[in-house]
1. Can you give me the Kirkwood hydrodynamic radius for the range 81-191, using every pair of distinct Cα atoms, in Å to one decimal?
2. Using 0.36 nm times the number of residues separating Ser98 and Arg200, minus their current alpha carbon distance, what extension gain do you get?
3. Gap in Å between the Cα centre of the range 192-218 and the Cα centre of the range 54-99?
4. Within the range 163-192, which residues have the backbone N less than 20 Å from the label spot 7 Å out from Arg142 along Cα→beta-carbon, could you tell me?
5. What is the calculated FRET efficiency for Asp30 to Thr185, with r their C-beta to C-beta distance and R₀ = 22 Å, to the nearest 0.05?
6. Scale the Cα Rg of the range 1-90 by the rule-of-thumb value 2.2 N^0.38 Å and send over the ratio, two decimals.
7. Given the -39500 (n - 2.57) contribution per DSSP H run of 4+ residues, what per-residue ellipticity at 222 nm results for the chain, rounded to the nearest 500 deg cm²/dmol?
8. Provide, as a two-decimal number, the C-alpha radius of gyration of the range 32-130 over 2.2 N^0.38 Å, N being how many residues it has.
Amino acid sequence: MTSRTRTTLKARFLRAFFYLLYHQLAWIYDLVAAMVSLGYWKSWVYSVIPHLQDGVILEIGHGPGHLQRKLAAQGSQVFGLDESPAMARIAHRRLQKSGLSPHLVRGYAQNMPFPDACFHHLVSTFPSEYILDPGTIAELYRLLSPGGTLIILPVAWIQGDSLLHKAAAWLFRATDQATPWNADTLASFIQAGFHLQHLRFQGPAWSTAIILAKKSPP
């Protein structure tokens, strides 16, 4: 078996696994995320919050709803979109249990059911390849108000010195979950008219990459 064949098989396996985890196995998503991240997962997701302090927010791929709950609890006007019915049910229950009103829509990022320029911020944490689809990027640009910002958290790194931290970091590398986005990956956002800024959020024994993509003001 060639190296290219092994890479292709690994990519297919991981794609199938993550699909199941996000759909049929959504009920164990939080458990798996916590285990592989050594409990840091929600902290990684929350690292985008400093960039979401005002205006109307849409989270694309809201998943189990942790960021939705956190933002709504601090008084933000936040909406969520996801194509997974299982994740929609989990997020809806989580928000209701916290006494918050869910504003969740089921749909696809390539055709989002919202009017033009209606959000000040769009956010997506650990999105799959759909976020790079030209149709998605066009929709992201359409939905942002002039001067608005798209915040993407594509990757996190475990950096502790313990054996457990090193093993978890190796697992992330082995499953291609620790590869930063390069210039080729981001070129489509620039071509769509976004102005990019690369940031890094440093936590205890971990860090996250954050991409800010701003839509030009009029």
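1. About 16.4 Å, per the Kirkwood formula over Cα pairs.
2. Details: separation 102, 0.36 × 102 = 36.72 nm, distance 3.04 nm.
Extending this stretch completely gives an extra 33.7 nm.
3. 21 Å
4. The answer is 188-192.
5. 0.20
6. Cα-based Rg divided by the globular estimate yields 1.31.
7. Values: 8 runs with 87 residues, N = 218.
So the helix-based figure for the chain works out to -12000 deg cm²/dmol.
8. 1.03
The values are calculated or read from the model by the stated rules, or taken from the named source; none is laboratory data. Remember, predicted model here, so these are calculated numbers, not experimental data. Reconstructed Cβ throughout: ideal geometry from the backbone, glycine too, with neighbour counts over all protein chains shown. These area figures cover heavy atoms from the full protein model, side chains too; ligands, DNA and RNA do not enter into them. Shrake-Rupley method; radii C 1.70, N 1.55, O 1.52, S 1.80 Å.
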